[in-house]
Structure formats: structure tokens, C-alpha cells
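J.: Have a look at this one before I ask anything.
Here, each number is a calculation from the coordinates, and none is a lab measurement. None of these values were measured; they are calculated from a predicted model. Cβ coordinates were reconstructed from backbone atoms using ideal geometry, including for glycine residues, and neighbour counts include every protein chain displayed.
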Amino acid sequence: MPMSRRLLIILGPTAVGKTDYSISKALELGSPVISCDSRQLFMNMSIGTAVPDASQLSAVKHYFIQTIPVDQAYTAGDYERDAIALVEKLFDEGHETLVMTGGSMFYIDAVCNGLDDLPDGDPVLRAELWARAAEGGVAPLAEELKSLDPLTYSQIDTQNTQRVIRALEGCLVSGKPFSAFKTGARRQRSFEIEKIGLNRSREELYERIDGRVLNMLDAGLVEEVRSLLPYRGCQALQTVGYREIFDYLDEKYPLEEAVRLIQRNTRHYAKRQLTWWRRDPSIKWLDL
């Protein structure tokens, strides 16, 4: 395989400016933009996930933007399969460099390193676990995971419902600890991978996050979330910006508090993204 084929991954915390930067890079290199965002994938979630606007989408062809129904489960493993197939196809069509961009740590990791061969899922069990989480929160599920697989429990974000459910489902389906399936073996790719990390000063990044949340509100975030009420138990909607507005619609707190919580939780997420990527010495950081 010719290794002149290069996948350029533009990553960075939420609201740092990945969309504009990746479009300018794609235009410069004659590449489409391959989105690597675990929420922009889903239909009917355009405002709360900050999908590229119409002018950005028309500037260059985008892949993996609003292609999956909101009530369908979609995993990092699914993304690895679909994204690698697309990348190989585009390289075979003659592209030498392809631009991928996003902030989803697990999705980027899946593309770069591959995922372990995890046990097959059980959709019925998964639906039951999501229903339990919707009713009683993620804490009881995390406790059950702790008893079945203390190693995985100690390694994952136990506030992340999706991660807890995936691990617990793996334990219950296989009868083994989920950690037993994790070998950490890297997959070989037929192309080179280069990673550019975008960053800004913390003060500027947090200002951009706070401003973006207000812009989402002006753009109709509350109406978007209201239209998704029938799907609120679905995996896609267990995410910042949607959970808080669901609680506002349940009259748990006023809209001002929902906005404050979205801003705070988004800042926390940005911090987690940066902590995750700082462990990767192959990323070339670019201060915007």
C-alpha cells in the first residue's frame, strides 16, 4: 500500500474553532471533511450539537453529519467500521490527504488504534438498562458494574451513562468482566495519521463556550429539545445541552439555571477532552 496516503485529524475541545479550521484545510488540500463527532451524527439535533451551518456545509462536502436516526444506537465500534471503510474508498478514488475533524475522544481513538473485539450487544438488555438509568439515574448501574468488574469501574467516567451501560451490558451478556476483552492491541492502518490539536487560552475558550450556549438558545434550542421529548431515553440525547433542557421542561429549575448548567457542564467536558489528549505525544498543538 502506498503510504503517501495521509489522514489529517483536527481535534480539540468543544467550541475551539475546529469547524472553520477544518474547512479551510479541506479546501486547501482538495479533501472533503469527515466528521468525527458522536452527536453531530444524529438527525434532528442540529442546534444542540453545533453542526456546521448551511454555508459551511456547502463550502465543502461533509460526511457523518446527521445520518443516523436519533432513536438508533450507534457506537464507537460502528464508527470505526464505517469511517475506515469511507477513508479507504476515498483514498482509492485518488485522494492523497483526507481531513477528519471532531472532539469525540473514543471515536478518534477507534480510528487511530482500533477497538478491542468486544462481546456482541443485546439490544433488549440495553433498552432495559437505559430504562433503568432514565428512572433511577446511572449510580445504581455503576454500583452493579463495580461488583461485576471493579477494574472497568475504576477506569471509566461513572457519570457517563453510555459508558457504564456498555460495560455492564458486556459483563451481563458474556458472563465475564468487560475488562477481560480489552487487549489494547493496536490495529494496523494502510495510511499515515497526523493529528493537529487546536487550543486557546482557557479564558478565551470558556468565553466562546458561554457565548455559543447563548447563541444556541437564540437559535431555538428549547424548541429543538421539546420536539425530541418522545426520544429522551435514547442514547443520543444523554448529552450536555439536552439533559439540562429536559429538566427545565420538567420544571425542575428555571431556564436561566438550565443555561448556567449547560455552560458549566460544557466547560467541564472541554477540560476532560484536553486532559485526555494531553497524554498523546503525537499531537501537534496549534494555539489559535
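J.: What's the exposure ranking of Ile65, Ile34, going from fewest to most Cβ atoms within 10 Å? Present the calculation step by step, with values, prior to reporting the outcome.
T.: On the way: Ile65 19, Ile34 25.
The most exposed by this proxy come first: Ile65, Ile34.
J.: Magnitude of the Cβ-charge dipole of the chain, K/R +1 and D/E -1, about the Cα centre, nearest 20 debye?
T.: On the way: 35 positive and 41 negative charges, 159 e Å.
Rounded to the nearest 20 debye, it is 760 debye.
J.: Note down the nm distance, to one decimal, between modelled labels 7 Å out along Cα→Cβ at Glu251 and at Thr67.
T.: 4.3
J.: List the residues of region 9-46 whose backbone N lies under 16 Å from a point placed 7 Å from the Cα of Ala54 along the Cα-to-Cβ direction.
T.: Answer for region 9-46: 46.
J.: Further, regarding this structure: Counting other Cβ atoms within 10 Å, keep those with at most 10, restrict to DSSP loop, and tell me which trypsin sites (Lys or Arg not before Pro) in region 210-279 are left. Intermediate results must be reported in sequence, preceding the final value.
T.: Numbers: sites: Arg212, Arg226, Arg232, Arg243, Lys252, Arg260, Arg264, Arg267, Lys271, Arg272, Arg278, Arg279; in loops: Arg232, Lys252, Arg278, Arg279.
Answer by residue number: Arg279.
J.: Give me the dipole magnitude in Debye, nearest 20, for region 5-48 about the Cα centre, with unit charges on the beta carbon: positive for Lys and Arg, negative for Asp and Glu.
T.: Values: 5 positive and 3 negative charges, 34 e Å.
It comes to approximately 160 debye.
J.: Give, in nm to one decimal, the length gained when the segment between Ser201 and Ser4 is fully stretched (0.36 nm per residue of separation minus the Cα-Cα distance).
T.: Details: separation 197, 0.36 × 197 = 70.92 nm, distance 3.43 nm.
Computed gain between Ser201 and Ser4 is 67.5 nm.
J.: Mind checking which of Tyr107, Thr239, Ala219 is farthest towards the positive end of the chain's charge dipole, using Cβ charges of +1 (Lys, Arg) and -1 (Asp, Glu) about the Cα centre?
T.: So the residue furthest toward the plus end is Tyr107.
J.: Follow-up question, since we're still on this one. Over region 202-273, what is the mean sequence separation of C-alpha contacts under 8 Å (at least six apart), divided by residue count, expressed as relative contact order in percent?
T.: 34
J.: Also, I was wondering about something else. Only four residue types carry charge here, +1 at the Cβ of Lys and Arg and -1 at the Cβ of Asp and Glu. Report the dipole size of region 150-207 about the Cα centre in Debye, rounded to the nearest 20.
T.: On the way: 10 positive and 7 negative charges, 85 e Å.
The calculation lands at about 400 debye.
J.: Here is a follow-up. Assign one of three labels to region 61-104, namely rounded, prolate or oblate, based on the Cα gyration tensor with a ≥ b ≥ c the square roots of its eigenvalues; rounded applies when a/c is under 1.5, prolate when it is not and a/b is larger than b/c, and oblate otherwise. Intermediate values should be presented prior to the final figure.
T.: Working: a/c = 2.16, a/b = 1.92, b/c = 1.13.
The shape class here is prolate.
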